[in-house]
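Worksheet: one structure, shown below.
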Amino acid sequence: MFHQIKHRGLLYRIWYYVERRIKELMFDCHMCGQCVVRSTALTCPMQCPKQMRNGPCGGSMDGQCEVFPERRCIWTQIHRRSRRFEWMRRKLAGIQPAIDWSLFGSSAWLNIWPEKKIALGGHAFTPAPVPSGNIWDRPDAGAPAPTADGSAAQSNPEAGR
Amino acid sequence: MTPPASSTLRRKLEAGQFVLTVEMVPPRAPDLENITRRLQKFFAGNADGVNVTDCASAILRMSSLCASRVCIDEGLEPVMQLTCRDRNRIGLQSELISAWAMGIRNVLCLTGDHVRFGDHPTAKPVFDMDSTNLIAMVSRMRAEGKYCSGEEIRTSAKSDLIKMDWLIGGAANPFGNEPEDLALHMDKKRRAGADFLQTQPVYDIEAFDAWWRAMEARGLHRSLKILPGILPPKGAKGLEYMKTSVPGMHVPDATIRRMQGAADAQAEGRAIALELVDRLLAYPIAGIHLYPVMWESVIPELAAEIRGRAAKTGRTMDSVAPAGT
Ligand code: SF4
């Protein structure tokens, strides 16, 4: 991955270096240039070898990472940490948009201001909207509606035993 | 054969019918005949959907797009798997419009296995976006007729807006993490636009039950069509290998011991699979997703058994058209 810092001037580089040191100490930051740690229980999701920004991949097992089993899965950790505060849990429910790789290796702080490339939450100012819901949400979808007493919603009747 | 205008899998799911999807792994060589032969012999008449893998386990194979199109030619309904490992958003969308043009209507959006354990460990893993973002991107093509860039999908400036009406799938691993956390992630996938979920192979019903309850707590068992995975073990060794070496596999030791102690491993494997199916049918699942890993000859028999058992629980289903119709 080309780090955007490589084409910036001296002042920017100095600032970048300071910011990187601070955030590396705090979050093991990867300088993606669009910091979302506020939405991921103050844990940098870029530590994930697959750069998952929304949740664990299917290989995450018992807290360990699929790719480097000797490492912890960062998403298990994010979820664990998010239990500490209600606001963390709430923020975690938001869908993080796809990463803007043209910001990779730049300063997220300077991208917020004065460069105004991202908003405070770490996203581009006009992120691609996520369409809400699937086809079963559409009134014309023809999905079997749940019955009034919720019987369609009942799961395995014997599972509670 | 002309491709169908819309997904029959979708029609079946909409009607609340029980569906059986079966995974098909494309060959590791430029050999269409291999696909046709296997489709005719094992899949035709058995699978409501043929899940065509996209270089699963990061092992190089023929593309999912190509093999999916062969399915259509054979009169079968493909579910094209699409992973974020090998393509960035340009490649992904290019694959999607090609697939739509070729008559493919179902897409399963995956993050993909890391290259580290594949046959090309020195390749650059792409992971431009994750599975949730991919679902959102496909969903936007469907709902708004727009590419990821925001540009409208039209052949020319004056032609009509094209909204590709995909049936969008996602993958779920019910094991290995807190069920509630996993359900939170699945809820994101649903909001992004996923219509159905196919899960990793289930061997541990207790753990599956915990996951199901977490899904239920969010209403996701109703707002998503869930197809739990069944992988009939062919032998104890294979099962052990899967437990230790395949990412995301959760196999209880009891199942492995049972396979080790069996006189006829294959018969035991089938029995284990069908017992699991029986227990899963007690949940309001939309269908079953079958993984016939290295054991495609078991499909016809197992498919008939699964359908029979589903029918006994009062589920309705369509017969599946045999090959070449
Ligand atoms: S197991 Fe966790 S850290 Fe490892 S690749 Fe998957 S999501 Fe990322």
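The values are calculated or read from the model by the stated rules, or taken from the named source; none is laboratory data. Here the structure is a predicted model, which is why all the values come from computation and not from measurement. FYI the Cβ positions are ideal-geometry reconstructions off the backbone, even for glycines, and counts take in every protein chain you see. Note: areas computed on protein heavy atoms with side chains; ligands, DNA, RNA excluded. Shrake-Rupley method; radii C 1.70, N 1.55, O 1.52, S 1.80 Å.
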**Complete:** How many residues of the range B:96-151 are facing chain A (nearest Cβ under 8 Å) and β-branched (Val, Ile, Thr)? The answer is 2
**Message:** With hydrophobic (A, V, I, L, M, F, W, C), outside any loop (DSSP other than H, G, I, E, B), at pLDDT below 95 and crowded, with 17+ Cβ neighbours inside 10 Å as the only criterion, which of B:242, B:249 stands out?
**Reply:** B:242
**Request:** Under 6 Å between Cβ atoms, at least 6 apart or on separate chains: pull out the pairs that start in the range A:98-112 with a residue that is at negative phi and end on any residue that is of a type in the set (Asp, Glu) and open to solvent by less than 10 Å² (accessible area, probe 1.4 Å).
**Result:** A:107/A:19; A:109/A:19
**Request:** Mind listing just one residue for me: the one in the range B:152-183 that is assigned to a helix (DSSP H, G or I) and among the charged types (D, E, K, R) and, of those, nearest to the other protein chains (Cβ to nearest Cβ)?
**Result:** B:181
**Prompt:** In the range A:74-112, how many are of a type in the set (S, T, N, Q), within 16 Å of the ligand (Cβ to nearest atom) and out of contact with any His (no Cβ under 9 Å at 6 or more places or on another chain)?
**Reply:** 3
**Exclusive hit being on the phi < 0 side of the Ramachandran plot and touching a Cys at 6+ places or on another chain (Cβ under 9 Å), set B:247, B:233, B:228** = B:247
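Per-residue answers, yes or no, for (1) within 16 Å of the ligand (Cβ to nearest atom); (2) within 14 Å of chain B (Cβ to nearest Cβ); (3) open to solvent by 70 Å² or more (accessible area, probe 1.4 Å):
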| residue | (1), (2), (3) |
| --- | --- |
| A:1 | no, yes, yes |
| A:23 | no, no, no |
| A:26 | no, no, yes |
| A:31 | no, no, no |
| A:36 | yes, yes, no |
| A:65 | yes, yes, no |
| A:72 | yes, yes, yes |
**the range B:271-297, subset within 18 Å of the chain's Cα centre (by Cα) and of a type in the set (Val, Ile, Thr), residue nearest to residue B:206 (Cα to Cα)** = B:277
**Request:** For the range A:48-58, name all the residues that are more than 7 Å from the ligand (Cβ to nearest atom), open to solvent by 10 Å² or more (accessible area, probe 1.4 Å) and free of Cβ contacts under 8 Å to residues at least 40 places away in the same chain.
**Result:** A:58
**Fill in**
Restricting the range A:111-134 to residues that are within 14 Å of chain B (Cβ to nearest Cβ) and more than 15 Å from the chain's Cα centre (by Cα), the one surrounded by the most Cβ atoms within 10 Å (Cβ to Cβ) turns out to be A:134
**Request:** Could you grab me the full set of residues in the range A:1-26 that are aromatic (Phe, Trp, Tyr) and at pLDDT 95 or above?
**Result:** A:12, A:15, A:16, A:17
**Request:** Hey, can you tell me all the residues within the range B:26-53 that are without any contact (Cβ under 8 Å) to a residue 40 or more places away in the chain, assigned to a loop (DSSP other than H, G, I, E, B) and either open to solvent by 20 Å² or more (accessible area, probe 1.4 Å) or not β-branched (Val, Ile, Thr) (or both)?
**Result:** B:27, B:28, B:29, B:30, B:31
**Asked** Yes or no: residue B:272 touching a residue at least 40 places away in the same chain (Cβ under 8 Å) and either surrounded by 16 or more Cβ atoms within 10 Å (Cβ to Cβ) or touching a strand residue (DSSP E or B) at 6+ places or on another chain (Cβ under 6 Å) (or both)?
**Response** yes
**Request:** Could you tell me whether any residue of the range B:301-323 is open to solvent by less than 70 Å² (accessible area, probe 1.4 Å), assigned to a strand (DSSP E or B) and at pLDDT 95 or above?
**Result:** no
**Item:** Any hit, the range B:261-279, residues being touching a Leu at 6+ places or on another chain (Cβ under 7 Å), β-branched (Val, Ile, Thr) and away from chain A (no Cβ under 14 Å)
**Value:** no
**Those helices (runs of 4 or more DSSP H) lying entirely in the range A:1-115 with at least 1 residues in contact with a strand residue (DSSP E or B) (Cβ under 9 Å, 6 or more places away or on another chain)** = A:74-82, A:108-112
